[in-house]
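J.: What follows is a single structure, and I will ask about it in a moment.
The values are calculated or read from the model by the stated rules, or taken from the named source; none is laboratory data. Please read these numbers as outputs of a predicted model, since none were measured by experiment. When we count neighbours, we look across all protein chains shown, and the Cβ atoms used for this are built from the backbone with ideal geometry, even at glycine.
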Amino acid sequence: MAISDKDKFEVPPVKEVFSIPVIEVGSMAHSKPFVAKPEHQEPLGFPGELIDGWQDAAINKMGELLGKYRSVQVFLDSCVKCGACTDKCHYYLGTADPKNMPVARQDLLRSVYRRYFTLAGKYFPKLVGAVDLTEEVIEDWYKYYHQCSECRRCSVYCPYGIDTAEITMAGREILASIGIGQKYSNEIISKVHKIGNNLGLPEPALLDTLEGLEEEVEEDTGVAVKYPLDQEGAEVLLVTPSADFFAEPHVDGLIGYGKVFHQAGVSWTLSSHASEAANFGIFIGNYENMQKVAWRVREAALELGVKRIVLGECGHAWRVAYSFWNTLIGPFDFLDPNYPVPQHICEFTYDLLQRGALRINPEENDDKVVTFHDSCNVSRGSRMGNFPGGQFAIPREVIKAACNHFVDMAPETTHENTYCCGGGGGLLTDDLVELRVKGALPRVEALKHVIEEYGVTHMAAICAICKSQFAKVLPYYDLGMDMIVSVHQLLGDALELGNGGD
Ligand code: SF4
Ligand code: SF4
């Protein structure tokens with residue numbers, strides 16, 4: 001096992017795909033993210049620090065959530081301990097800590113639920129595995145609900161469809177409501193409320209970046225592709241993760257979107273008010289914050305008078321938009337009814353490809369053998385296009401149009417069976433690097449397999465978190481950080497630019 005010099009933890013050995021580790025009790029009991037400070041908690045409507053009477057408050061909050069989200073109660077009541085989920089979580093496979101088995105993660109909340117909300121648990125707690133809500137239990141909640149990326153892989157294999165992600169979200173919401181929020185997610189949500197994006201980039205910085213991109217693309221291609229900001233009357237509002245504005249390989253995806261709009265002859269704009277597609281409200285399980293973040297998109301669309309809203313490459317943003325926007329910020333009766341709301345950039349490009357409206361030279365990518373990492377929130381939390389399985393087929397069709405050499409990873413690790421990158425669900429923070437590296441193991445094993453078998457050189461993704469996570473963790477497994485690419489980078493590189501609209 002290699003030991004990381006920088007982080008002093010053992011990088012798990014890459015084994016045959018699908019091997020299951022022997023349990024190591026407590027192996028990740030030391031892992032927990034930084035707790036949010038009052039300045040990260042209060043703007044979100046949570047108490048600044050652990051409140052007096054936290055135990056009663058937590059139980060009351062649990063009662064409130066059980067009433068509000070019936071699914072949580074159904075999930076807590078219906079597990080039969082069949083064990084089908086135990087080896088399905090990437091964090092269990094990468095850490096061997098039995099508390100990272102989905103059923104064990106659920107039981108952290110279930111045992112407290114039984115104690116306070118079931119008759120048997122009130123009178124015969126030991127018989128039904130019910131426990132009091134103690135400081136130790138809260139400590140375990142904080143640690144292990146931040147070792148779940150809410151990826152929903154376990155739910156695919158559960159015969160009852162129990163979704164551990166929803167239980168994790170409930171656990172995190174209870175914790176935040178008694179003053180123990182997670183710094184990384186809550187700090188980011190506060191920034192969006194205040195400035196409009198996760199990175200806290202103000203309008204002049206955005207403008208500067210976009211002007212720089214225009215110069216770069218013109219220098220590179222000789223064509224004046226525009227990257228407009230706050231353009232009133234544009235047809236399309238593009239809402240994209242703020243990482244697209246500067247991070248690698250994200251920015252190459254943004255360059256690609258601009259080229260596609262240019263060639264399609266469709267006027268488009270970004271917005272400085274809604275300069276973020278990501279919505280970390282979903283990670284902390286709090287719909288009020290999710291709605292407040294999403295509301296900026298509605299305001300921007302109305303203010304700019306656009307006809308359509310297109311989402312850039314971001315997994316959980318797409319899930320929030322596809323599955324929740326209508327309830328959170330609809331109705332969208334002010335937009336053009338001929339187009340879906342929202343529309344994914346891959347859908348937008350796919351439609352043009354289908355109509356033969358783009359000239360592509362895939363030979364531009366002949367130096368690459370590409371595979372595709374399905375992102376959890378796209379695969380299991382939403383769909384895409386107007387046919388079943390569109391969320392799997394459409395991004396692959398875009399890649400195949402742009403690349404002559406494409407291979408899929410093992411079917412047990414793709415489509416609805418995909419493994420999380422290891423950094424989703426609000427865990428993409430440096431205080432959780434060990435968890436992120438270990439959680440990436442199943443995906444890395446599948447990736448190494450296609451590298452060895454087919455000479456894969458690049459892995460494409462349509463999620464900003466996956467891209468950042470892989471750029472960080474692949475080197476721990478002796479793979480280059482530049483292996484991970486944006487789908488629209490591949491497309492943009494193969495697209496033949498003309499004078500727009502041809
Ligand atoms: S939702 Fe994903 S991360 Fe959470 S327990 Fe299930 S498989 Fe693991
Ligand atoms: S697969 Fe479902 S029913 Fe079986 S142990 Fe896991 S959560 Fe419980």
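J.: Hey, among the residues in segment 54-88 that are without any contact (Cβ under 8 Å) to a residue 12 or more places away in the chain and over 16 Å from THR164 (Cα atoms), which one's nearest to the chain's Cα centre (by Cα)?
T.: Looking at the filtered set, the residue picked out is LYS68.
J.: Could you tell me which numbered condition ASP97 fails, if it satisfies all but one of (1) surrounded by fewer than 17 Cβ atoms within 10 Å (Cβ to Cβ); (2) within 20 Å of GLN182 (Cβ to Cβ)?
T.: Here ASP97 clears every test but (1).
J.: Which count do you get for residues in segment 48-100 that are among the basic types (Lys, Arg) and at positive phi?
T.: 1
J.: To continue, here is another question. Taking segment 210-243 on its own, how many of its residues are modelled with pLDDT of 95 or more, within 26 Å of the chain's Cα centre (by Cα) and assigned to a helix (DSSP H, G or I)?
T.: Here the count works out to 2.
J.: For LEU133, work out the one condition from (1) crowded, with 18+ Cβ neighbours inside 10 Å; (2) of a type outside the set (Lys, Arg); (3) within 16 Å of ligand 2 (Cβ to nearest atom) it doesn't fulfil.
T.: That leaves (3) as the condition not met.
J.: Residue by residue through segment 296-318, note down the ones that are more than 20 Å from HIS193 (Cα to Cα) and part of a helix (DSSP H, G or I).
T.: Listed by number, the list holds a single entry, GLY315.
J.: Follow-up question, since we're still on this one. Could you please let me know if ASP87 is surrounded by fewer than 18 Cβ atoms within 10 Å (Cβ to Cβ) and among the acidic types (Asp, Glu)?
T.: Working: surrounded by fewer than 18 Cβ atoms within 10 Å (Cβ to Cβ): yes; among the acidic types (Asp, Glu): yes.
Judged against the criteria, ASP87 is a match.
J.: Please go through segment 132-169 and give me each residue that is away from ligand 1 (no atom under 14 Å from the Cβ) and farther than 18 Å from VAL80 by Cα, ordered by number.
T.: Hits for segment 132-169 are ASP132, LEU133, THR134, GLU135, GLU136, VAL137, ILE138, GLU139, ASP140, TYR142.
J.: Still on this model: So, of the residues in segment 89-131 that are more than 11 Å from ligand 1 (Cβ to nearest atom) and among the small types (Gly, Ala, Ser), which turns out to be farthest from the chain's Cα centre (by Cα)?
T.: In this case the residue turns out to be ALA120.
J.: In addition: Pick out, from segment 386-502, the helices (runs of 4 or more DSSP H) lying fully within it that include 1 or more residues that are over 23 Å from the mean Cα position of the chain (by Cα). Explain how you work it out, then say what you get.
T.: Values: elements: 390-402, 433-439, 441-454, 464-473, 487-494.
It comes to 390-402, 441-454, 487-494.
J.: Among the residues in segment 259-273, are any of a type in the set (Gly, Ala, Ser), at pLDDT 95 or above, assigned to a helix (DSSP H, G or I) and over 30 Å from GLN55 (Cβ atoms)?
T.: There is at least one residue in segment 259-273 that is of a type in the set (Gly, Ala, Ser), at pLDDT 95 or above, assigned to a helix (DSSP H, G or I) and over 30 Å from GLN55 (Cβ atoms).
J.: Looking at segment 412-427, I want the residues that are within 16 Å of ligand 2 (Cβ to nearest atom) and have a partner that is among the hydrophobic types (A, V, I, L, M, F, W, C) with Cβ atoms under 6 Å, at least 6 apart or on another chain. Which pairs are those?
T.: That search, which allows pairs on different chains as well, returns GLU416/VAL156.
J.: OK, next. Out of segment 52-84, which residues are more than 16 Å from ligand 2 (Cβ to nearest atom) and touching a Phe, Trp or Tyr at 6+ places or on another chain (Cβ under 6 Å)?
T.: If the condition is that a residue be more than 16 Å from ligand 2 (Cβ to nearest atom) and touching a Phe, Trp or Tyr at 6+ places or on another chain (Cβ under 6 Å), then ILE59 is the only one that fits.
J.: Right, next: Being of a type in the set (S, T, N, Q), closer than 30 Å to HIS40 by Cβ and in contact with a helix residue (DSSP H, G or I) (Cβ under 9 Å, 6 or more places away or on another chain) is true for just one of GLN291, GLN263. Which residue is that?
T.: GLN291
J.: Let me ask something else. Report, ordered by the first and then the second residue, all pairs with beta carbons closer than 6 Å, sequence separation of six or more or different chains, a first member in segment 436-453 that is crowded, with 23+ Cβ neighbours inside 10 Å, and a second member that is in a helix (DSSP H, G or I) and among the small types (Gly, Ala, Ser).
T.: Pairs found: LYS438/GLY94; GLY439/GLY94; LEU441/GLY94.
J.: Which residue is nearest to SER155 (Cα to Cα), if the candidates are limited to segment 64-84 and must be within 16 Å of ligand 1 (Cβ to nearest atom) and in a helix (DSSP H, G or I)?
T.: PHE75
J.: For segment 44-60, indicate whether the set of residues that are at pLDDT below 95 and not charged (D, E, K, R) is non-empty.
T.: no
J.: Follow-up question, since we're still on this one. Which of (1) touching a strand residue (DSSP E or B) at 6+ places or on another chain (Cβ under 6 Å); (2) under 27 Å from SER155 (Cα atoms) is the odd one out, the single condition GLY381 does not satisfy?
T.: Checking GLY381 against (1) touching a strand residue (DSSP E or B) at 6+ places or on another chain (Cβ under 6 Å); (2) under 27 Å from SER155 (Cα atoms), the one that fails is (1).
J.: Select, from TYR419, TYR454, the only residue that is among the aromatic types (Phe, Trp, Tyr), modelled with pLDDT of 95 or more and touching a Ser or Thr at 6+ places or on another chain (Cβ under 6 Å).
T.: Result of the check over TYR419, TYR454: TYR419.
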